[in-house]
Amino acid sequence: MGQAREVMDRLTEALTSARDPGGVAACFAEDAVAVTPDAGELRGRDAVVAYFAQLTEMIPRASFESLRAYEVDDTAVDEGIFGGRNTGPITLPTGETLPATQREVRVRGCDLATVRDGVIVSYRLYFDQAELFGQLGLMPGGGA
C-alpha cells in the first residue's frame, strides 16, 4: 500500500468510525484544495475541515461501504456507499439549515485524493445531491 492509499484510508476512518475532526485535519495540507458537488471549490485545510464537520454533524454515525479502492501513483480513488441516519441539522448549499429528518440515507459516491509529503493536496468528491436530498425527503417525490 502506498502513501496515497494510507492517507485516504485514514481520512475515511476519521470521518466514520473514529469521528475525529483532528484526524480529518491531519490528512490535509494547509493549502489543500477540495471540490465538492454541494459546496463547490474549497481552498485551505480549514475550509475542508469545516465542510466535513457539517457532514458529520448531519450524519454523526456515518458509515462507508467500499465498493472499489485504487491507487495510481500519488492518487487514491474510492468508490463506495456513504450511509447513516440524519440526526443533525442539514446545511444546504445556500447556507440555510434545516432540522434533521431522522431518515436513513445510502448514497453512492466517489472521491479522489492526491497526496504529497503525507497529506492530501487535492481532493475531489462526487455524489448525486438529488439522490441524497430525495432520501432525506427534501425533494418533490422524496416522500417527505
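Of all the criteria given as (1) at pLDDT below 95; (2) in contact with a helix residue (DSSP H, G or I) (Cβ under 7 Å, 6 or more places away or on another chain), the one not satisfied by E71 is (1). Residues in segment 74-105 that are within 15 Å of Q135 (Cβ to Cβ) and in contact with a helix residue (DSSP H, G or I) (Cβ under 7 Å, 6 or more places away or on another chain): N86, I90, R103, V105.
The C-beta contact set for segment 42-57 (first residue under 17 Å from A113 (Cβ atoms) and loosely packed, with under 15 Cβ neighbours inside 10 Å, second residue among the charged types (D, E, K, R) and modelled with pLDDT of 95 or more, distance under 9 angstrom, 6+ apart or interchain) comprises R43/D31.
Picking from R45, R103, R85, which residue would you name as being among the basic types (K, R) and more than 16 Å from the chain's Cα centre (by Cα)? After applying the criteria, what remains is R103. Look through segment 120-144, keep the residues that are surrounded by 13 or more Cβ atoms within 10 Å (Cβ to Cβ) and over 20 Å from A39 (Cβ atoms), and return whichever of them is modelled with the lowest pLDDT. Ranking the candidates gives G142 first.
Screening G23 on (1) loosely packed, with under 15 Cβ neighbours inside 10 Å; (2) touching a Gly at 6+ places or on another chain (Cβ under 7 Å) shows it passes everything except condition (2).
The values are calculated or read from the model by the stated rules, or taken from the named source; none is laboratory data. Fair warning: this is a prediction, and the values are worked out from it, not measured in the lab. All Cβ positions, glycine included, derive from the backbone under ideal geometry; neighbour counts span all protein chains shown.
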